[in-house]
1. Can you put Val42, Val157 in order, fewest other beta carbons within 10 Å first?
2. I need the peptides 210-222, 171-183, 99-111 ranked by packing, meaning the mean over residues of other C-beta atoms within 10 angstrom, with the highest value on top.
3. Does the range 115-181 come out rounded, prolate or oblate by the C-alpha gyration tensor, with a ≥ b ≥ c the root eigenvalues, rounded set by a/c under 1.5 and, if not, prolate when a/b is larger than b/c and oblate if not?
4. Tell me which lysines have Cα within less than 18 Å of Lys82's Cα, excluding those fewer than 8 residues away on the same chain?
5. Excluding residues on the same chain fewer than 8 positions from Lys182, give the aspartates and glutamates whose Cα lies under 13 Å from its Cα.
6. Given axes a ≥ b ≥ c from the Cα gyration tensor, I'd like to know whether the chain is rounded (a/c under 1.5), prolate (a/b larger than b/c) or oblate.
7. For the range 1-128, what relative contact order do you get, as a whole percent, if you take Cα pairs closer than 8 Å and at least 6 residues apart?
8. Expressed in nm to one decimal, what extension gain is obtained for the pair Leu230 and Leu26 from 0.36 nm per residue of sequence separation less their Cα-Cα distance?
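Here, each number is a calculation from the coordinates, and none is a lab measurement. As the structure is a prediction and not an experimental result, all values here were calculated from the model. Here the Cβ is made from the backbone with ideal geometry for all residues, glycine too, and neighbour counts use every protein chain on show.
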Amino acid sequence: MMQDVHEIYAVRYAHHDRKAHENYILGDPHDTNEPLAYFVWVIKGAATTYVLDTGFDQAMAEKRGRRIVRPVAEGLRAIGVKPDTVTDVVISHLHYDHCGNYDTFPNARFHLQDIEMAYATGRCMCHAHLRLPFEEEDVVAMVRKVFAGRVTFHDGVSQVAPGITVHKIGGHSKGLQCIVVKTKRGPVVLASDTTHLYSHIENGKVFPITYNVGEVLDGYETMKKLAGSLSRIVPGHDPLVLERYPAARSGLEGWVGRLDLEPKA
Ligand SMILES: [Zn+2]
Ligand SMILES: [Zn+2]
């Protein structure tokens, strides 16, 4: 494997049933169930392993009415990743479903956008509406990591390793970032919550939890340019991801998918 070419794995850890209209500003005419899947992502290179986001644990699942399907650490171990050996974790944003489990990676450095930390600790958190997707303890845990010298801040576009760049998109959360990873099939955009479902980016729709609608929509165009093809943009919460991509190996169907391989037709 070339130094800057990576394998990517989507590790599903939780599930939430909900009505389709709950997933869109202006709703949806279909009265169907449109569940969300919850993932963390593993980016494996020749020498290093990066993790994107850390998910939430059983206690948070109960608090928020979500269902853990497999704990994050178990999913990582299923593909040979020992969480305590992970050296770098990129946090897309500080919503509760992306930055919990903070003891799972005791030796990692965390990569975060400047604006996300300012947003999550500043005046916008005076508003209950904007606080909703954040958890005080998650944010405090990240502040503690800053003081422990374990956070690297990024401002806009930044290379975190050869073949891995982060890009501030904003919109859904003020400092939300996506990752672009060099793979055998070209640049793959791990969108995280810049597009929750395929239907958001494909139809120009917007998820209800949003700081800035204009940035969400501009973000779709930015990601299309970064990926060069919609087929290389991976949404952050779509159960279809594990149907479109092959399982990482036999036995991991519906749990861990392999994103650096071409999606199934
Ligand atoms: Zn979010
Ligand atoms: Zn999310």
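1. Listed from fewest to most nearby Cβ atoms, that is Val157, Val42.
2. Ranked from most to least packed, the peptides come out as 171-183, 99-111, 210-222.
3. Here the range 115-181 falls in the oblate category.
4. Lys44
5. Asp4, Glu7, Asp260
6. It is rounded, given that a/c, with a ≥ b ≥ c, falls under 1.5.
7. Relative contact order of the range 1-128: 23 percent.
8. Difference between extended and current length: 71.0 nm.
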